[in-house]
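Working notes for the structure below.
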Amino acid sequence: MPSYLLRRLGQGIIVILVVTFVTFWLPTWEPGNIAKAVLGNHTTPAEIHAFLHDHGLDKGFFAQYFDYMKNLLHGNLGTSLNPQTLDEPVTQVIAPYVPRTFWLVLVSLMISVVLSIVIGMFQGLRRNTWFDHAMTFIVFLAYSIPAFVFSLFTIIFFGLTLNWFPVSVDSQSNTGFFYPLMNMFWYHPSQFVLPVMTLVVLGLGGLTRFMRGSILDTMVQDYIRTARAKGCSSRRVLFKHAFRNALTPIITIMGLALPGLFGGALITEQVFNYLGLGWLTVSSTSSRDVPVVMALTLIVTVLTVLGNILADVGLALSDPRIRLTGTR
Amino acid sequence: MAMETPGAGGLQLNTADADKLVGAVAPTSQGPSGGEVAGSGTMLRQMLRIFMKNKLAVASVAYVISLTLFCFVGPYLYHSNQLDANASLLYTNNPPGAGFPLGADSSGFDILGRIMFAGQASLELGFLSAFIGLTIGIAYGVFAGYRGGVLDTVMMRIVDAMLSIPGLFLLLAVISVCGRSKLILILILGCTGWFGTARLLRSEALSLRDREFAQAVRAMGGSSSRIIWRHILPNTVSTMMTVATFAIADSILALTALGYLGVGIPIPQTDWGTMIQQGSVNFQIGYWWQLYPVCIVFLLLVISFNYIGDALRDAFEVRLRER
Amino acid sequence: MQKGGMFRRIVSSGVIAGSLTVALTAGAVSGASSTKVSHTTPSGHLRAAMGPTDHPNYMNPFSSGAYFTVTNMNDFQSYMYRPLYWVGKGADITVQYPLSLANAPVFSNNNKTVTITMKGWKFSDGTTVDANSVQFFLNLYRVMPARYAGYVPGFGIPDQVSNVTSTGNTLTMQLTDSVNPNWFLYNFLTEITPLPEAWDKISTNVPTPDNSGGNLNSGGYYSPTSNAGCANADYQSLPNGGNAAGYVTATANPCGYKVSSKYHGAYAYIYYNAIPTQDGSFDSNPMWGVVDGPWKLKSFDPTGNVVFVPNSAYSGPQKAQVQDLTLVAESDVATETAQLEAGTLTSGYVLPSQVTPAPKPGAAGTNLLSQLKGKFVVRTGGSWAFYYAYYNFNSASSGTHLPNQLYFRQAMQYGIDQVTIIKHLYNGYGIPGYGPIPTLPANAFSGGLVNHYAYSIAKGKTLLRTAGWTGTSAPLTCTKTGGCGAGVPKGTKLEISYEYTTGSPTQDATMAAEKAAWASEGIKVDLTTDTPDNVASLCTAGAGSAPTTGNPDGNGAWQICQYGGWLYAPDYYPSGELLFETGALSNPGEYSDSKMDSLIAATTTGTAKLNAKNGYAQYAMDQLPYMYQMTGTGTSELSTKLKGVLPVSPVGASLPEYLHF
């Protein structure tokens, strides 16, 4: 098993290396324009040259990439090019936004996993009943609807028509890593209902579909049949055996769900004015703050890759066969 | 690993369905069986037969076709000003009524005509960028699969890495560097949307190149390009068709998401996402007609694509089973 | 000078113009009396939204172009450091002597001598705001004029000031020429901010500042090592830095910066400590704690909120009446609107489309957003500003001398239906602009001026046909033998590029409408958009500089550029020397007309009225050196709980000390 994990880790590192190359290489397309955009009026070629030199943009391609990687390893993601935050370290610009997205995505993911297990199990148990069909249809809808359309509908229905929940999140104040979590559960829970609901529903589609299939697969396994033959009630079988075994792959799928969730969070943050990584990405794209956008892309990808690896590790640890050999 | 990634956001078809299809194909690469040069015509016919059994999918195809006609032929039957932003000024935010069956937007353009006009852009862009993406993806995938070995591994690791960047982030990253215009958006969507295709076509090519017929051709001294052009590519037609459907849907969804984020096709042209974005701002002050119609048209399209995708996948899997 | 046009980002958004100033600006109790309002115990919290993505980034009022913004000057520095003469209160745009640090200036000796008597108000450290405080500013200005954004080569301070002497509360300025007293008062004396002697320090470890006035690559806080002696230096003996040098390199001097040794003057010290990325301790640095305004900085977060508390030692007529004033950093209009709806702001702004149409120009409607109804009142008002696009009269694009043809500029102006655009796209919240002098706010300069280019596609068409352009649809082609004017040969297409700033859907819709109108005249206009900074840099690149490679005449390939407007503040006198004068720094299109130059001279040195018949203003309206556009009046929101509120200030005069609950 360690060799498997090592290999998995190696793959992750390769993936991250490729992504760093992309985030390094993309901005090199238009260095002259970056200089002009930043330096503003009355820029002379000499000043552009000085700027390029200061930012190391006049070196050879691989020398620059080497610098870039060296900086990355020191936690240095460059400096912002947005005139509002000019020359501030990218890490400093991004820092307040990270916990917001982290908690939003994590909480939504947890809720959708729990919900999908419950729904999927009932669907698996009551296969081909009206409940199953109704849920299948709803899940299909949830799976189909793009994030922004769904958020719009929640805003229109729950926010503007029923006036139950605020339609945006006041996320400006930020005092530490756990603040967004406190904000979510203590200070302003009502503000988070709609965004979290959006993300949960979006994640639910795939998870539930998968959970249902997984339960159905498990139910026909030999040992379940044996248990049933021995006279165990079907509910008991479900909880004791099928549930645990069906849970295993859902850990993997949680990891795989991450890119989609980040994409969904990007839209959701925009819709609900939640100042997270996604919001910053859109805003920095509009202001052409390339270093910040690249850093965000890199961060989100690294988080995704880490999530996948963690899921694999979790899977390996929770696999009964592996666990048994571990304890005996 | 045949699994479905939970979709979220406009791009949910993107990586997820590539996974599904890859998963479905995977077993064949392990156990190549048949030796005959495939009758792809028959296979297509089989797929079509299975597809046609799915009533919802057929209805969805009908919707996609009629929406396309609506967008491209509609303007010839229903005339409205979509270009003269000066003449339209007098009608800004007109509610539905005489002359404006669905009202007017905040620039005074007729919404009904606007949906057609925006749809042209969205569909054109969807098709063109899907075409670019397919071309790159097929070339990349077939090449990697056919060559195999270290090169294949390296090329596929790159694809894996690109697939692990959340789609919208990658799109925005490119836009932040390149800016945006219709042409640039087509290129961007095309160039960032081929990774799934490449992975799928690669496994197809991998399985086909070791088949007996390909080995026979090679033994007889046939060139690589001949094997690729005459034997591998024709055998992947049905795969390509399936992938193409997903690619088009992906591009349209991605474009709409971008439009909604405010980085879609710049005015005076427009796309559905931009319309929805503007409608959602004005909805709050009561201009519902700027949001609902375009939302419904677009949502039905998305749902249709999903049904078509499901049905195609079914047909595809049957084909694999029968192979 | 790079003020107004280039860096007033708030102004450049056009639609939510002056959001913060408009939001906060409260008027006085009434008139010019110094009656104090009796609210002895400050209570309540003001929370004002800053403009989207805006936040102050410079402390020192003596600042270069990059920091010369409404956000820095009107909504940050002026709370703490008051200008010598305060202009604007409510709708009034004249000098407010009760709020000023000095009595009215006395012009004598054929308008060549100015005598200023200080009122003897106090800085918060107990020192007096006296003539020396003014001289400190003037001495810095003399040594490095190009470091101050208000500098106009050859005009006013310091180039027309031969000597300054100060004793106690009296300051005397000797001028080289006779000046128009109003022009000198409103364009130059109002720019002066008396500085406390606590800032008159030097530091030996400040790195070399670069000449552009903006980009700094090295960080660090620079502690003072000794007194610089700049405030008391003899004005005449100081070297005049002139236009070219960003800082003085020749000799060590107390006000400047000397590169060749480790001797650094007061300027370098203040300059470095004035930038948050350099200092990072605005709220704790004792230097910045010495204020003469009604507010003191309590906390400053360079990316977030700014909190002020009342300065109990303020000598002026109105002390602050709330416990604290927080400027809330905002990311965009939608986020800010959400905060208004949530009730976490006492003032902010919404999109003009989110309120009922303006009943008349400069008047506000009511809220449409349900959560704002009854809790906030909508406010609007004209700006002492005008909006325009620059024509490039010296474009590097081959064969394009279209802007040089008067008939072409006239045809372009004929195609702009400002009245309809304001009504339908600005929801009524805009003022048409036909020349350099705004029609609203009401002022003494706009009477008698006539606009000859009211919207008329027919007239534009006729002009173009007469000039020799033919064809059925845009772009027309020049078919006249000998061409359609100098530099426009036969066969030229009537096509021109137009670069403007993105960010506002209203702006986009406006440009699309104008483009369509120009197309029906026969002019094909190619619109391109970019961020405000990118447009500004594109359109000023090479202006006034030597020819560069691939750019033969040194003035860029752009043809028409629009990135903002001009707010007449703190140069309040609407004379045209900064914009229309040959070689003016804010004239990137290199417009040059000798008649214009002489008409401008007549208003600055003589006493000719701006709006005299055949005067400068009318000539600028007739000749169309710039393409005039409409000015948004904005829709700001103010909590109904606030009292002491008077109209929006057209010059962005922000007096939050008058507000109370």
Give the range C:43-65 a look and list any residue that's more than 14 Å from chain A (Cβ to nearest Cβ) and outside any strand (DSSP E or B), or say none. C:Ser43, C:Gly44, C:Met59, C:Asn60, C:Pro61, C:Phe62, C:Ser63
Condition broken by C:Ile600, with the remaining ones in (1) buried (at least 24 other Cβ atoms within 10 Å of the Cβ); (2) of a type in the set (A, V, I, L, M, F, W, C); (3) touching a residue at least 40 places away in the same chain (Cβ under 8 Å) satisfied: (3)
Within 19 Å of C:Asp200 (Cβ to Cβ) and at pLDDT 90 or above - does that describe any residue in the range C:106-115? no
How many residues does the range C:426-448 hold that are farther than 22 Å from C:Phe580 by Cα, assigned to a loop (DSSP other than H, G, I, E, B) and among the small types (Gly, Ala, Ser)? 2
Please verify whether the range C:282-298 includes one or more residues that are within 14 Å of chain A (Cβ to nearest Cβ) and of a type outside the set (A, V, I, L, M, F, W, C). no
Taking B:Ser106 as the residue in question, decide whether it is within 14 Å of chain A (Cβ to nearest Cβ), in contact (Cβ under 8 Å) with a residue 12 or more places away in the chain and among the polar types (S, T, N, Q). no
Of the criteria (1) farther than 22 Å from A:Asn308 by Cβ; (2) at pLDDT 85 or above, which one B:Lys182 fails: (2)
Breaking point among (1) surrounded by fewer than 18 Cβ atoms within 10 Å (Cβ to Cβ); (2) away from chain B (no Cβ under 14 Å); (3) at pLDDT 80 or above, for A:Ile111: (2)
State whether one or more residues within the range B:79-97 are touching a Gly at 6+ places or on another chain (Cβ under 8 Å), surrounded by fewer than 16 Cβ atoms within 10 Å (Cβ to Cβ) and of a type in the set (Ser, Thr, Tyr). no
Residue check: is B:Asp152 over 30 Å from C:Asp526 (Cα atoms) and either facing chain A (nearest Cβ under 8 Å) or in contact with a Ser or Thr (Cβ under 8 Å, 6 or more places away or on another chain) (or both)? no
Within the bounds of the range C:395-413, is there any residue that is within 14 Å of chain B (Cβ to nearest Cβ) and crowded, with 22+ Cβ neighbours inside 10 Å? yes
Please go through the range B:239-272 and give me each residue that is among the hydrophobic types (A, V, I, L, M, F, W, C), open to solvent by 20 Å² or more (accessible area, probe 1.4 Å) and over 16 Å from the mean Cα position of the chain (by Cα), ordered by number. B:Ile267
Please find, among C:Gly348, C:Gly381, C:Gly428, the residue that is within 27 Å of C:Pro441 (Cα to Cα), more than 14 Å from chain A (Cβ to nearest Cβ) and at pLDDT 90 or above. C:Gly428
Out of the residues in the range C:308-345 meeting the condition of being of a type in the set (S, T, N, Q) and assigned to a helix (DSSP H, G or I), tell me which one is nearest to the other protein chains (Cβ to nearest Cβ). C:Thr335
Give the number of residues within the range C:336-350 that are under 27 Å from the mean Cα position of the chain (by Cα) and surrounded by fewer than 22 Cβ atoms within 10 Å (Cβ to Cβ). 0
Can you spot a residue in the range B:257-279 that is closer than 30 Å to B:Glu204 by Cβ, in contact (Cβ under 8 Å) with a residue 40 or more places away in the chain and either more than 14 Å from chain C (Cβ to nearest Cβ) or part of a loop (DSSP other than H, G, I, E, B) (or both)? yes
Just the residues that are open to solvent by less than 10 Å² (accessible area, probe 1.4 Å) and in a loop (DSSP other than H, G, I, E, B), please, taken from the range B:280-307. B:Leu291
Looking only at the range A:88-105, filter to residues that are aliphatic (A, V, I, L, M) and under 14 Å from A:Leu266 (Cα atoms); which one of those is farthest from the chain's Cα centre (by Cα)? A:Val98
Top-ranked residue of the range C:581-595 - restricted to ones that are at negative phi and touching a Ser or Thr at 6+ places or on another chain (Cβ under 8 Å), ranked as surrounded by the fewest Cβ atoms within 10 Å (Cβ to Cβ): C:Ser594
Somewhere in the range A:115-138, is a residue outside any helix (DSSP H, G or I), within 9 Å of another protein chain (Cβ to nearest Cβ) and on the phi < 0 side of the Ramachandran plot? no
For B:Arg199, are the conditions met, namely being outside any helix (DSSP H, G or I) and either in contact with an Asp or Glu (Cβ under 9 Å, 6 or more places away or on another chain) or at pLDDT below 85 (or both)? no
Long-range neighbours under 9 Å by Cβ, at least six apart or interchain, first residue closer than 17 Å to C:Gly293 by Cβ and outside any strand (DSSP E or B) within the range C:86-97, second of a type in the set (Phe, Trp, Tyr) and open to solvent by 20 Å² or more (accessible area, probe 1.4 Å): C:Trp86/C:Tyr97
Residues in the range C:421-434 that are at negative phi and either open to solvent by less than 30 Å² (accessible area, probe 1.4 Å) or of a type in the set (Gly, Ala, Ser) (or both): how many? 8
Mind counting the residues in the range A:140-171 that are open to solvent by less than 10 Å² (accessible area, probe 1.4 Å) and more than 7 Å from every other protein chain (Cβ to nearest Cβ)? 5
Condition met for C:Ala517 (open to solvent by less than 30 Å² (accessible area, probe 1.4 Å), within 34 Å of the chain's Cα centre (by Cα) and either facing chain B (nearest Cβ under 10 Å) or free of Cβ contacts under 8 Å to residues at least 60 places away in the same chain (or both)): yes
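The values are calculated or read from the model by the stated rules, or taken from the named source; none is laboratory data. Treat the numbers as computed from the prediction; the structure is a model and nothing was measured. Cβ: placed from backbone, ideal geometry, glycine included. Neighbour counts: every protein chain shown. Just so you know, the surface numbers come from the protein's heavy atoms only, side chains and all, with ligands and any DNA or RNA stripped out. Shrake-Rupley method; radii C 1.70, N 1.55, O 1.52, S 1.80 Å.
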